[in-house]
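J.: Pasting a structure here, questions to come.
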Amino acid sequence: MLWFELFLKTSFGFILLLFVTKVLGKTQIRQLTAFDFISALILGEFVGNALYDPETNLLQVMFALFIWGLMMIIEIVTQKYKGTRHFLEGKPDIIIENGKIDREMMKRNRLDFNQLQHLLRMKDVFQIKDVNVAILETDGTISVLKKSDPIKVLPVNLINDGEIIYNNLRVIGKDDIWLKRTLKQQGITDYENIFSCEYTKNEPLAIQWR
């Protein structure tokens, strides 16, 4: 009975984990956020205890996974309510701009110089001065735009899921009045149906609809 119960627990846990992986999607496996990391640790503890604790039965395993499933609802909420995304998932940060390192941003992300060099070398960059922009993503990877790349200007997203990103407007020295006027010139009066609006200097706004 002990071996049979262990077999049931292992099979049940595997099937549920496989199902959860399919639900989360391929990108979530690679793009692990802080919330995903914490929830994965909790899930690992649940499954580990369930497998090797003889006093834990299959019903308790199901209950533990049910509780974990409720936690994953929070992840779904972040897709519906954009105000929670930065808190739960974090946001990308510019670490290098025009060949200059933002030390305050590195401190904020607990990133030291050796780690930064390692991340840059993974992008085939060996000199800081060769970097136009380097962005630390929410999953800990780094995106690099070299000065030698054809595109010299990094597009700035001004609208996300129908909401104006005011911080990005301030970065480019504009305001929402300018944005609405520019959209109107392109024949757009309802920005709430815009999925993404990217700004590149001296170019029309690049619009993606919902």
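The values are calculated or read from the model by the stated rules, or taken from the named source; none is laboratory data. Bear in mind the structure is a predicted one, so any value in this text is a computation, not a measurement. Reconstructed Cβ throughout: ideal geometry from the backbone, glycine too, with neighbour counts over all protein chains shown.
J.: For Ser143, indicate whether it is within 21 Å of Thr200 (Cα to Cα) and part of a loop (DSSP other than H, G, I, E, B).
T.: Details: within 21 Å of Thr200 (Cα to Cα): yes; part of a loop (DSSP other than H, G, I, E, B): no.
Judged against the criteria, Ser143 is not a match.
J.: Looking only at the range 82-129, count how many residues are modelled with pLDDT under 85 and surrounded by 10 or more Cβ atoms within 10 Å (Cβ to Cβ).
T.: Step one: of the range 82-129, the residues modelled with pLDDT under 85 are 82-92, 98.
Restricting the remaining residues to those that are surrounded by 10 or more Cβ atoms within 10 Å (Cβ to Cβ) gives 82, 84-92.
Residues flagged as modelled with pLDDT under 85 and surrounded by 10 or more Cβ atoms within 10 Å (Cβ to Cβ) within the range 82-129 amount to 10.
J.: Of all residues in the range 175-199, how many are surrounded by fewer than 16 Cβ atoms within 10 Å (Cβ to Cβ) and in a loop (DSSP other than H, G, I, E, B)?
T.: Matching residues across the range 175-199 total 5.
J.: Going through the range 153-174 one residue at a time, which ones are more than 11 Å from Cys197 (Cα to Cα) and not in a helix (DSSP H, G or I)?
T.: Those that are more than 11 Å from Cys197 (Cα to Cα) and not in a helix (DSSP H, G or I): Val153, Leu154, Ile172, Gly173, Lys174.
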